[in-house]
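The values are calculated or read from the model by the stated rules, or taken from the named source; none is laboratory data. Given the structure is predicted, the values throughout are model-derived calculations rather than measurements. Backbone-built Cβ (ideal geometry, glycine too); neighbour counts: all protein chains shown.
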Amino acid sequence: MTLISAAFKPFVEKWLAGIQEISDPSKGLGTVRADSKLVGDQMQEARARDYTLVCDEPPSLGGTDKGPNPLEFFMSAVGFCENVTFARFATLHGLEFDSLETSVRGHWDRRGQGNWEGVDPAFRDFVVETRISSNASLDLIRDVARRVHLRCPMHASILKIGPVVDRLFVNGTEVAL
């Protein structure tokens, strides 16, 4: 069994063919937009295409806890992008799977958000754990996972921020990438 339907493959093939036809780098530039506005002490709304996202802080930070905070959205975005990219490459390479989950953690010095001179608020590192349930060969799963880490825009971006530890779990057991 697989989470990806057979009807999905033509979409992925068309997407990849369209990308591979781009010879002018300026034609390959993608743009993503989200417009955010503060609507309460810590609560915000963001518009992305036709969707409204709610972002908030917990009450301990003056929020009303009506949604994930900005950093939780950031980590979720990395995981979402990894999963989408994994599904595309799995489809292209015939990797069937029953479940796919990505967990992302980042570490930063919270003091950097204050007035401490020389304390950087940027993330220091990331841990990306991919958990897949599949009967496919470990070689195929590793190959797809490596491709995902090379081609996922979010993964490529966090690599530029700091070290990333990639961990792969197949059917509940960690395997070397």
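Overview of values
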{"quantity": "Selection from the range 119-137 of residues that are among the hydrophobic types (A, V, I, L, M, F, W, C) and either under 16 Å from residue 174 (Cα atoms) or surrounded by 15 or more Cβ atoms within 10 Å (Cβ to Cβ) (or both)", "calculated": "123, 126, 127, 128, 132, 136"}
{"quantity": "Residue match in the range 108-125 (condition: polar (S, T, N, Q), under 13 Å from the mean Cα position of the chain (by Cα), within 28 Å of residue 32 (Cβ to Cβ) and not in a loop (DSSP other than H, G, I, E, B))", "calculated": "no"}
{"quantity": "Residue in the range 52-75 that is acidic (Asp, Glu), free of Cβ contacts under 8 Å to residues at least 12 places away in the same chain and under 30 Å from residue 133 (Cα atoms) present", "calculated": "yes"}
{"quantity": "The range 138-177 - residue that is free of Cβ contacts under 8 Å to residues at least 12 places away in the same chain and either under 13 Å from the mean Cα position of the chain (by Cα) or under 20 Å from residue 78 (Cβ atoms) (or both) and, of those, surrounded by the most Cβ atoms within 10 Å (Cβ to Cβ)", "calculated": "159"}
{"quantity": "Residue in the range 59-103 that is farthest from the chain's Cα centre (by Cα), counting only those that are hydrophobic (A, V, I, L, M, F, W, C) and closer than 14 Å to residue 153 by Cβ", "calculated": "89"}
{"quantity": "Leading residue by the ranking (modelled with the highest pLDDT) among those in the range 1-39 that are within 26 Å of residue 52 (Cα to Cα) and basic (Lys, Arg)", "calculated": "37"}
{"quantity": "Tabulated pairs, the range 100-119, first in the same structural domain as residue 163 (by TED's automatic domain parsing), second of a type in the set (S, T, N, Q), C-beta under 7 angstrom, 6+ apart or interchain", "calculated": "100/83; 102/83; 102/130"}
{"quantity": "Selection within the range 135-177 - farther than 21 Å from residue 124 by Cα, part of a helix (DSSP H, G or I) and among the charged types (D, E, K, R)", "calculated": "139, 142, 143, 146, 147, 151"}
{"quantity": "The range 1-25, residues that are in contact (Cβ under 8 Å) with a residue 24 or more places away in the chain, aromatic (Phe, Trp, Tyr) and more than 18 Å from residue 98 (Cβ to Cβ)", "calculated": "15"}
